[in-house]
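Engineer: Okay, here's the structure, questions in a sec.
The values are calculated or read from the model by the stated rules, or taken from the named source; none is laboratory data. Keep in mind that what you see is a predicted model, and the values were worked out from it rather than measured. Please note: Cβ atoms are built from the backbone with ideal geometry, for glycine as well, and neighbour counts cover all protein chains shown.
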Amino acid sequence: MRVEYREEPCRSALNRVKGMPFAWSLNPYTGCAHRCTFCYVRAFEARAERPSDDRYGRSIRVKPNVAEVLRNELARASWKRESVAIGAATDPYQPAEGRYRLTRACIEELGAARTPFSLITRGPMIRRDIDVLVEAAQRAKVHVSFSVPTLDERIWRATEPGTAPPRRRLETVRLLVDAGIDTGVALAPILPGLSDDPELLAEVVREARAAGASGIWANVLYLRPGTREHFLEALSRDWPELVPQYEQLYAGRAYLPSSEVMPVKETVRQLARESSRPRKPPIRPAPEPEQLELVV
């Protein structure tokens, strides 16, 4: 698949976020070449009147000055070193990062400013940046989440066509943990009737724990307009027998009720408890140097 990269300088790097466990988000790219059929960002693209169908992921907007802008924002006297989430609306380690290295540059800036951050990705390219992640973790809290919804090869290939194999992601989890980076695994999104099979869930949890994942969490698919149309179209191609089930489950809503979601989450929590094992403790930030007063 041919991907177009468009360089568009940004005016701001940090985006204020409300109602989430983090205060700020940072996305070095807009659009994602991974082209996951279930990606919730497709809904945002549709609202912005940009392609959310098969054309999504064929044009990536690159912010070439994002690290410089970030440096200036972190240097402001008003900056309180609140937690920053990298990759909330794009994968920071999609193929474009190999060329532009913007995520790496942003990690360097966050570490230099002693700003805590989390990062979620499906991209094993992150192993290239273990050195700057370690350096940042010595100065502020750093957490990485790898998204691994399933290890089933058919489900992976059909629903995450532009991503690296799930087991390669888990190999990368092990490398990060061994380097002292606090790293967890997200089973997200879990797809009803497909990846919610208890044996498939148990396999991911078991392998994630074996890789040393510090935490394991799960979320069930939600379908907003924009994402819904593309996902159901893909589902009709790969698993047509499941289309009526999804149309009934998500009729008139984007989120499933807790009665459908909580049993799946509880299954994953129980599997994580049963699969727990001793793991290498992550790097803890060193205390910040104190400013001594000069007494005359």
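Engineer: Identify, by number, the condition in (1) within 26 Å of A158 (Cα to Cα); (2) exposed (fewer than 12 other Cβ atoms within 10 Å of the Cβ); (3) of a type in the set (A, V, I, L, M, F, W, C) that M20 doesn't meet.
Structural biologist: The one condition M20 does not meet is (1).
Engineer: Condition first: farther than 21 Å from P21 by Cα and touching a Pro at 6+ places or on another chain (Cβ under 7 Å). Now tell me which residues in region 119-138 satisfy that.
Structural biologist: The one that is farther than 21 Å from P21 by Cα and touching a Pro at 6+ places or on another chain (Cβ under 7 Å): Q138.
Engineer: Determine whether region 220-240 contains at least one residue that is touching a Lys or Arg at 6+ places or on another chain (Cβ under 6 Å), closer than 25 Å to E266 by Cβ and among the hydrophobic types (A, V, I, L, M, F, W, C).
Structural biologist: no
Engineer: Of everything in region 96-118, what is under 18 Å from the mean Cα position of the chain (by Cα), in a loop (DSSP other than H, G, I, E, B) and either among the charged types (D, E, K, R) or at pLDDT below 95 (or both)? Give them in sequence order.
Structural biologist: Within region 96-118, R101 is the sole residue that qualifies.
Engineer: Select from region 119-149 the residues that are over 17 Å from L175 (Cα atoms) and within 15 Å of the chain's Cα centre (by Cα) and list them in ascending order.
Structural biologist: P149
Engineer: OK, next. Return the residues of region 245-268 that are outside any helix (DSSP H, G or I) and exposed (fewer than 13 other Cβ atoms within 10 Å of the Cβ); say none if nothing qualifies.
Structural biologist: A251, G252, R253, P257
Engineer: To continue, here is another question. Looking only at region 39-61, decide whether some residue is in contact with a Gly (Cβ under 8 Å, 6 or more places away or on another chain), surrounded by fewer than 19 Cβ atoms within 10 Å (Cβ to Cβ) and part of a strand (DSSP E or B).
Structural biologist: Looking for residues that are in contact with a Gly (Cβ under 8 Å, 6 or more places away or on another chain), surrounded by fewer than 19 Cβ atoms within 10 Å (Cβ to Cβ) and part of a strand (DSSP E or B), one finds at least one in region 39-61, hence yes.
Engineer: From the list V84, V132, V66, exactly one residue is of a type outside the set (D, E), closer than 26 Å to A43 by Cα and free of Cβ contacts under 8 Å to residues at least 60 places away in the same chain. Which is it?
Structural biologist: After applying the criteria, what remains is V66.
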